[in-house]
1. Would you mind stating whether G44 is small (G, A, S), at positive phi and at pLDDT below 90?
2. When you scan segment 116-130, how many residues do you find that are within 14 Å of E140 (Cα to Cα) and in contact with a strand residue (DSSP E or B) (Cβ under 8 Å, 6 or more places away or on another chain)?
3. All but one of (1) free of Cβ contacts under 8 Å to residues at least 60 places away in the same chain; (2) on the phi < 0 side of the Ramachandran plot hold for Q189; which doesn't?
4. Checking the condition within 19 Å of G202 (Cα to Cα) and at pLDDT 85 or above, which residue from H143, H173 passes?
5. Tell me yes or no: at least one residue of segment 122-130 is surrounded by fewer than 16 Cβ atoms within 10 Å (Cβ to Cβ), touching a helix residue (DSSP H, G or I) at 6+ places or on another chain (Cβ under 7 Å) and either modelled with pLDDT under 90 or of a type in the set (K, R) (or both).
6. Return the total of residues in segment 59-93 being surrounded by 16 or more Cβ atoms within 10 Å (Cβ to Cβ) and among the polar types (S, T, N, Q).
7. Need pairs with beta-carbon distance below 7 Å; first residue of a type in the set (D, E, K, R) and within segment 102-113, second modelled with pLDDT of 90 or more and assigned to a helix (DSSP H, G or I); sequence gap 6+ or separate chains.
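The values are calculated or read from the model by the stated rules, or taken from the named source; none is laboratory data. Worth saying up front: this structure is predicted, and the values here are computed from it rather than measured. Neighbour counts are summed over all protein chains in view; Cβ atoms, including those assigned to glycine, are modelled from backbone coordinates with ideal geometry.
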Amino acid sequence: MSPEKTSVPGTHEASGAFVLPNAAEPPHWQGHRDRLRSKLLQRGAGALADYEILEVLLMAFIPRRDVKPIAKALEAKFGSLSAILAAPAEDLVKVPGVGEAVAAYIKAIAELHSRAGREEIKAKEVISSWSALVAYVRRELQHEKREQFRVIFLDRKNQMITDEIMGRGTVDHAPVYPREIARRALELQASSLILVHNHPSGDPKPSRADIEITREIIDVLDPFDITVHDHLVVGTSGVVSFRTSGLI
């Protein structure tokens with residue numbers, strides 16, 4: 001019996017010479033990654049669309065896959081870069097292609113962003129860096145799904161001592177205890193403070209309850225000569241200042 005012939009894929013030129021096929025070409029997304037990196041380095045991050053910024057980040061975490069569909073899926077689900085960074089890990093992993101490792105990396109980037117903003121405020125007098133403060137509290141709270149009540153404690157130079165969560169609650173209420181805020185202010189030797197809380201509904205307009213609790217906190221702090229500079233209410237549509245609104 002003659003041995004079975006095994007066919008080898010290839011082509012024959014007119015001369016009859018056998019030519020092996022070219023080596024496998026790199027995947028299409030590899031060239032896209034290179035072009036995206038070059039665009040970022042040569043033209044700056046401002047030249048990239050939001051989903052392209054996400055792609056650059058995901059490229060480091062997902063080395064052997066086309067990450068554009070993942071970036072677009074994240075953008076479609078959450079709507080903005082700030083919402084992606086603020087999203088809980090359990091929501092991030094619901095996006096196809098995002099596993100626990102990628103979710104952890106995204107949360108680490110969000111924390112780096114938050115700490116950098118806090119450092120910027122701490123290095124300056126808060127009152128003279130108001131736009132940085134507003135940007136910071138909006139970044140921290142605008143996408144929170146439950147209400148938080150936070151207090152930024154300041155020293156005699158109006159520099160931040162710390163930013164602490166003093167109450168966590170539901171979608172429309174966070175328990176706040178004025179005497180607990182006073183106790184903590186005395187512990188930190190704070191001279192003044194700024195109250196901050198969010199409205200998960202997205203509308204930052206102060207409610208009657210917001211106005212009443214602010215007055216209670218001011219009254220409790222007054223005997224200790226601790227000033228409430230402002231109360232900021234944060235929503236997805238912006239930040240409302242009690243002082244600017246004439247409520248303090």
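1. yes
2. The number of residues fulfilling the criteria is 2.
3. Result: Q189 passes all but (2).
4. H143
5. Taking every residue of segment 122-130 in turn, none turns out to be surrounded by fewer than 16 Cβ atoms within 10 Å (Cβ to Cβ), touching a helix residue (DSSP H, G or I) at 6+ places or on another chain (Cβ under 7 Å) and either modelled with pLDDT under 90 or of a type in the set (K, R) (or both).
6. Total meeting the criteria: 1.
7. Once the first residue is of a type in the set (D, E, K, R) and sits in segment 102-113, its partners that are modelled with pLDDT of 90 or more and assigned to a helix (DSSP H, G or I) give K107/A89.
This table checks each residue for (1) under 16 Å from T162 (Cβ atoms); (2) surrounded by fewer than 21 Cβ atoms within 10 Å (Cβ to Cβ); (3) modelled with pLDDT of 95 or more.
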site: A182; (1), (2), (3): yes, yes, yes
site: H199; (1), (2), (3): no, no, no
site: G202; (1), (2), (3): no, yes, no
site: H231; (1), (2), (3): no, no, yes
